[in-house]
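Peer 1: Would you mind keeping the following structure in view while I ask a few things?
The values are calculated or read from the model by the stated rules, or taken from the named source; none is laboratory data. Everything numeric here is computed off the predicted structure, so don't read it as measured data. Cβ atoms come from the backbone with ideal geometry, glycine included; neighbour counts cover every protein chain shown. These area figures cover heavy atoms from the full protein model, side chains too; ligands, DNA and RNA do not enter into them. Shrake-Rupley method; radii C 1.70, N 1.55, O 1.52, S 1.80 Å.
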Amino acid sequence: MDRAFHEALGLGLDTFRLAVPPERLPLLERFADRLLVWNRKVNLTRITAPAEVAEKHLVDALLLLPSLDGARTVLDVGSGAGIPGVPLACARADLAVTCCDSVAKKVAFVKAVAAELAVDVRAVAVRADGDPERERLPRADAVVSRALADPEVWVPLGVRYLADGGVLLAMLGRDADRGRLEAIGRDSGLVLERLDTFELPVSRSARAIAAWRRAA
């Protein structure tokens, strides 16, 4: 990877104080490299500049790390090319991640890159419709979607995959209204635990992460 990639990744990690062990950083670089290599033959991402991959895929995914305290299992629903699931597994060796997507070529990429990087990632070719037993998907400590659907659709779907005490996460863009997100959670028996907003340091793109847990 080029200098711009390393600068963008380093700036993002420093800006948001994301604790990634130094020995895990090469895994993130290798994941980005394989993503771009595969992308030349298989349409996995519209983002192809290495610095943009660093910021808009890797840093964007790693913004979830503070919300994963205590989590040991992650389910990434509609993961596409394995984002955020694979970068999270690259950053934390103790995470067991399941990525699911209905597009076979994307699942094939995730399986291949997970094997190459030797990270704890399982990839499943299935559309998540809210029936984890039939779909052979786990109930996880953290269940996340990155732009799979609007929160009104995602929350009642994602809650069905939560383990006891787990956290449901939504990665959002600029439109993150706390009152709306609280109401959406209540309809599914959840409490909005946190809503974190960010601005990516290079592109100045707005990001937000909403986190819900079951109401007591």
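Peer 1: Determine the share of the stretch 102-216's accessible area contributed by carbon and sulfur atoms, expressed in whole percent, with a 1.4 angstrom probe. Could you put the intermediate results ahead of the total?
Peer 2: Working: 2670 of 5850 Å².
C and S atoms contribute 46 percent here.
Peer 1: Continuing with this model, one more query. Once the Cβ-Cβ distance between residue 112 and residue 134 is put in as r, and R0 is 22 Å, what FRET efficiency do you end up with, to the nearest 0.05?
Peer 2: Working: r = 26 Å, r/R0 = 1.19.
Computed FRET efficiency for residue 112 and residue 134: 0.25.
Peer 1: Looking only at Cα atoms, what is the convex hull volume of the stretch 1-120 per residue, in Å³? Display every interim value, and only then the final one.
Peer 2: On the way: hull volume 10.9 nm³, N = 120.
With only Cα atoms used, the stretch 1-120 gives 91 Å³ per residue.
Peer 1: Once label points are set 7 Å from the Cα along Cα→Cβ at both residue 187 and residue 19, what is their separation, rounded to one decimal in nm?
Peer 2: Once both label points are built, they end up 3.7 nm from each other.
Peer 1: Please state the equivalent ellipsoid semi-axes for the chain: what are the square roots of 5 times the Cα gyration tensor eigenvalues, largest first, in whole Å? Don't jump to the answer; show the numbers that get you there.
Peer 2: Values: eigenvalues 134, 81, 47 Å².
Calculated on Cα positions only, the semi-axes equal 26, 20, 15 Å.
Peer 1: May I ask you to list the GluC sites (Glu not before Pro) in the stretch 125-216 that are in a DSSP loop and have at most 16 other Cβ atoms within 10 Å of their Cβ? Write out the running numbers ahead of the final one.
Peer 2: On the way: sites: 133, 135, 152, 182, 193, 199; in loops: none.
Answer in residue order: no site qualifies.
Peer 1: Let me ask something else. Quick one: with all protein chains in place, what share of the accessible area of the stretch 4-81 is carbon or sulfur, to the nearest percent (1.4 Å probe)? Intermediate values should be presented prior to the final figure.
Peer 2: Working: 1820 of 3540 Å².
Here carbon and sulfur together make up 51 percent of the probe-accessible area.
Peer 1: How many Å² of accessible area per residue for the stretch 73-216, probe 1.4 Å? Working shown, then result.
Peer 2: Numbers: 6250 Å² over 144 residues.
Value returned for the stretch 73-216: 43 Å² of accessible area per residue.
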